[in-house]
Structures are given as C-alpha cells and as structure tokens.
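Down below is the structure, laid out as structure tokens.
What follows draws every value from the coordinates through simple rules; no lab data is involved. Because the structure is a prediction, the values reported are computed rather than measured. Neighbour counts are summed over all protein chains in view; Cβ atoms, including those assigned to glycine, are modelled from backbone coordinates with ideal geometry.
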Amino acid sequence: MLFDKFNKRKKTIPSNFLERMESIRERPVPEHIAIIMDGNGRWAKKRALPRVAGHHEGMKVVRKITILANKLGVKALTLYAFSTENWKRPKTEVDYLMKLPEEFLGTYLPELTSENVKVQMIGYKEQLPSHTYRAVEKAMSQTENNSGLILNFALNYGSRAEIIEAVKSIVIDTKSGILSENKINEEIFSNYLMTKGLSDPDLLIRTSGEIRLSNFMLWQLAYTEFWFTDVLWPDFSEEHLIQAIEEFQNRQRRFGGV
Ligand code: FPP
C-alpha cells in the first residue's frame, strides 16, 4: 500500500492522516512548493543548544517533507537552504551549513533515489566550497534520469542577483543577435533565470513567524499562494505540510482575473 511507511509511524501522526493524504491526492496538488525554512537558530536556543544543532534537526525535516511531498504527487520542492546573504553569519556556522548538503545526501540519497527523487540546485555554485558543490553535483548526476519529485536546493541563491544576471545575459544575446529585442516577454525572461524549466511555485511556505520573502524567487512568486506559520522549521512536520496543502486547495486562485 502506498502509505505503508506512514502506517508504521502512527504514534506521531494523527489518526485521520492517511484519509487526508488520499483526499489531497483527489484534488489539484500544488505542482511546485517553495519553502523558506526558518527558525533553526531559535529552535536550538530554546533548548540551550548551539545554533548548528537547529540546522542539523532541520536537515532531518527536509528528508521527511521531501518523502511526503513526493508521495502526494508534488512535482518540485524548492528549499531555501543558504542565501547569498547568509555568508555574513559566523564562520563556524557557515562552515557547518556548507557541510550539511554532504551529510544530507550521504545519509539520505539512497532512500531518495529509491523514491525516484531528482536532485537539482539553483544558486551561485562558484562561491561554494568545492566539497559542497561536489556532493550536490554527484547527487544531481546520479538522479538526473529520475522522474519523481525534483528536490531543488537553493544554495547561495539570491533573487535580485539572479534577475540582474538574467538582464545581463539578455543584453548580450540581443547585442549578438541571438535574441531580438521585440521577442522579449515574460516567458523568454523566465528562461534566463536559474529556475528555467521549472514551473513557478504554486505554494510558498515560510516557517518561524517571519512574514517576508528575504530575496527568494521574487519573479517566480508573482502569483504564488503564501502560507506562513509560527512553527520553527525543526518542528515542521508532515501534519503541517498537509495543513498547508489543504488550505491551498481551498483557496481560489484568480491570476488577476475575476
Ligand atoms: C534559517 O534559520 C535557516 C537556514 C539559513 C539554513 C537552512 C538549512 C537547513 C534547514 C538545513 C537543511 C539543509 C540541507 C542542505 C539539507 P535561521 O538559522 O535563520 O534561524 P533563526 O532565524 O531562528 O536564527
């Protein structure tokens, strides 16, 4: 049965959870979910633990949310794992965050591969330590033919920089004649962004009570439904994802129409 693994973990999962999963799958599921995973530091502080303990716990949440999103039929999950502004954090924290992709993929890639998940990345790879990018690159190439959920890590990602880079590339291509100026439209512009090939997110989730975008997918989120929660990312559970999707399914999206 599709949800066997969840049956075994009933202790932490409400009794009507499986029924709710089934009913979610009967209605349009958000094709692309983007998440700003916030609150790791506060989670750790509340427990008198070092901030990195919150990041580590947050990493485990990434695994369970990925598995559930895939089972629900979500096609892409973009996770804001490190922003271009996060380099301002203490070096020890940055170093730790840069080791997390290796730990995450080293631990969970076999499971994610067997679940048909495809790993991708957006962000500036040039500034990433080579050990970090190597781990992501290896996972991307190992999973490139998988046809399940795209697990898209935003690593060293910043949306304004992405937009400026797109503009620069468009200028170069128009000057060289590859692109004619009057052909530039929203679709063409989107193809110059790092998210080329991915549909725009249908649902954005941000945890920890912060209600802002923090330079995340500014172009791509134009018509996205937002779902904010006070829950800190390490406490984010399958139940919360289900709640967010249920609420999404009860909203009316008009895309500027009536
Ligand atoms: C924001 O919380 C979180 C981050 C900057 C890092 C997100 C990383 C993870 C969730 C780990 C998973 C990563 C991978 C690659 C699997 P914060 O530190 O700003 O929290 P605070 O606002 O409470 O201080």
Subject >> Criterion: under 23 Å from S214 (Cβ atoms) and among the charged types (D, E, K, R) - qualifying residue of K183, K125, K118, K175 >> reply: K125
Original post:
Among the residues of the range 66-89, which ones are in contact with a Leu (Cβ under 6 Å, 6 or more places away or on another chain), in a helix (DSSP H, G or I) and within 10 Å of the ligand (Cβ to nearest atom)?
Top reply: T66
Original post:
Out of curiosity, is S208 within 16 Å of the ligand (Cβ to nearest atom), small (G, A, S), over 16 Å from L77 (Cβ atoms) and surrounded by fewer than 17 Cβ atoms within 10 Å (Cβ to Cβ)?
Top reply: no
**OP:** Scan the range 25-43 residue by residue and report those that are more than 8 Å from the ligand (Cβ to nearest atom), more than 20 Å from the chain's Cα centre (by Cα) and touching a residue at least 60 places away in the same chain (Cβ under 8 Å).
**Re:** R27
Subject >> Residues of the range 232-258 satisfying the condition of being surrounded by 16 or more Cβ atoms within 10 Å (Cβ to Cβ) and closer than 29 Å to E162 by Cα >> reply: L232, W233, P234, F236, L241, A244, I245, F248
